[in-house]
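Participant: Would you mind keeping the following structure in view while I ask a few things?
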Amino acid sequence: MKPTIAILGASADRAKFGNKAVRAYARAGYHVYPINPKESTIEGWPAFGCLSDVPAEELDRISIYLPPALSLPMLADIAGKKVREVWFNPGTESAEVMARARELGLNAVSGCSIVDLGVTPVEVDAMT
């Protein structure tokens, strides 16, 4: 069974990190659930309007590419999903967001989820 990831803030714009993450995780063998209410597909994957629309009961990861002001109100929905790790990528985390995530019992990780796969965002562009 493939590992799963939901990418909050996924983008159809290949220059954005929310798109690079979709490509990097797909290449690493993940089943990708891009979350973006304005898109129907991203890099060939069906896009979902919100996390609650994702059909997977459990996720291995959620990777966030949204500013703290947008991610903070979503934390309760994230906590309602069975997920092993929630990655807050550079620029998405804040002390308040991280504190609230931990308060909700989330396994919150502050770092670049693409780099955790063993590639850099620049390398993702060179591969695809």
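Participant: Give me Rg over Rh for the stretch 28-128, both radii from the alpha carbons and Rh done the Kirkwood way, two decimal places.
Facilitator: Expressed as Rg/Rh, it is 0.95.
Participant: Follow-up question, since we're still on this one. For the chain, what is the calculated [θ] at 222 nm in deg cm²/dmol (nearest 500), taking -39500 (n - 2.57) for each run of four or more DSSP H residues and dividing by its residue count?
Facilitator: Taking each H run of at least 4 residues, the total per residue is -7000 deg cm²/dmol.
Participant: When you count, for each residue, the other Cβ atoms within 10 Å and take the mean per peptide, how do 16-26, 75-85 rank with the highest first?
Facilitator: Per-residue mean Cβ counts within 10 Å order the peptides as 16-26, 75-85.
Participant: How much of the DSSP beta bridge set in the chain is antiparallel, as a percent to the nearest 5?
Facilitator: Approximately 10 percent, going by the DSSP bridge assignments.
Participant: Ratio of alpha-carbon Rg to the 2.2 N^0.38 Å globular estimate for the stretch 42-89, to two decimals, please.
Facilitator: That works out to 1.14 for the stretch 42-89.
Participant: How high is the relative contact order of the chain, in percent, with contacts defined as C-alpha pairs under 8 Å that are six or more residues apart?
Facilitator: It comes to 23 percent, rounded to a whole number.
Participant: Also, I was wondering about something else. What do you get for the angle between helix 17-27 and the principal long axis of the chain? Use alpha-carbon atoms, 0 to 90 degrees, nearest ten.
Facilitator: Approximately 70 degrees, to the nearest ten.
Each value in this text was obtained by applying a stated rule to the coordinates, not by laboratory testing. Note that the structure is a prediction, hence the values are computed from the model and not measured. In this analysis, Cβ positions are derived from the backbone assuming ideal geometry, glycine residues included, and neighbour counts consider all displayed protein chains.
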